[in-house]
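Before any comments, here is the structure.
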Amino acid sequence: MKFEVQLTGPSGKKLRTVDLERDTDHWKISLDGQPVNADAVQIDAHTLSLLLEGQSYDVRITPSTDGALKLHTGLQEFTAEVVDPRAWRGRMHGALEAEGRQQVVAPMPGKVVRILVQAGDRVEAGQGLFVVEAMKMQNEIRSPKGGAIERLYVKEGQPVNAGEVLCVVA
């Protein structure tokens with residue numbers, strides 16, 4: 001799942017893209033498209049122990065009234081504002097199109113209630129491919145690029161897990 005995070009700290013503001021992907025018993029993390037060697041353990045309700053690229057950090061997290069998070073590590077303080085990943089995906093459709101063969105995955109566990117395309121169909125970037133119901137809400141899964149549906153991996157009514165491949169767009 002991708003997140004857009006606005007970080008504000010001693011060196012100013014930075015807009016970062018964080019991609020989290022569950023891999024059996026750990027997470028794969030990418031920061032601005034680059035893989036990051038990281039591990040995290042929750043110490044208490046508001047403290048994480050992070051290991052980033054071999055360096056250890058204790059981070060205290062305090063929610064603020066405006067929805068941002070205050071992050072304290074050592075003597076430094078940062079503010080992190082996380083943008084809703086669904087809103088981020090929606091904004092990015094017109095601006096950036098994925099390249100190459102793309103797997104379309106379920107962003108959350110749920111049930112495929114509608115398939116809007118068939119194998120071989122031509123699709124445009126941002127076009128709806130599936131409707132997945134999760135927590136009594138229906139979410140339209142859109143194509144990351146223009147191309148052809150190479151293969152469908154699911155059927156209507158099928159339950160899916162987060163990260164499960166629904167189709168391939170080539």
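Every number in this text was worked out from the coordinates using simple rules, so none of it is lab data. Only a predicted model underlies this, so the values are computations on that prediction, with no experimental measurement involved.
What pairs from K13/K145; K14/K145; K14/K70; K2/K145; K70/K111 go past 24 Å between their alpha carbons? K13/K145; K14/K145; K70/K111, as the Cα separations exceed 24 Å there. Per-residue ellipticity at 222 nm, computed for the chain from helices alone with -39500 (n - 2.57) per DSSP H run of at least four residues, works out to -1500 deg cm²/dmol.
Evaluating kT/(6 pi eta Rh) at 4 °C and 1.567 mPa s, with the Kirkwood radius of region 99-170 over Cα pairs in the Stokes-Einstein relation, gives 110 µm² s⁻¹. In order along region 120-125, the phi-based Karplus estimate (6.51 cos²θ - 1.76 cosθ + 1.60, θ = phi - 60°) of 3J(HN,Hα) comes to x, 5, 7, 10, 9, 4 Hz; Gly and Pro are listed as x.
Note on region 2-83: Cα Rg divided by 2.2 N^0.38 Å, N the number of residues, gives 1.10.
3J(HN,Hα) along region 127-142, derived from phi through the Karplus expression 6.51 cos²θ - 1.76 cosθ + 1.60 where θ = phi - 60°, amounts to 6, x, 10, 9, 10, 10, 9, 9, 6, 6, 10, 9, 10, 8, 9, 10 Hz, with x in place of Gly and Pro.
Over the chain, consider all pairs of different Cα atoms and compute the Kirkwood hydrodynamic radius from their mean reciprocal separation; express it in Å, one decimal. It works out to 18.0 Å.
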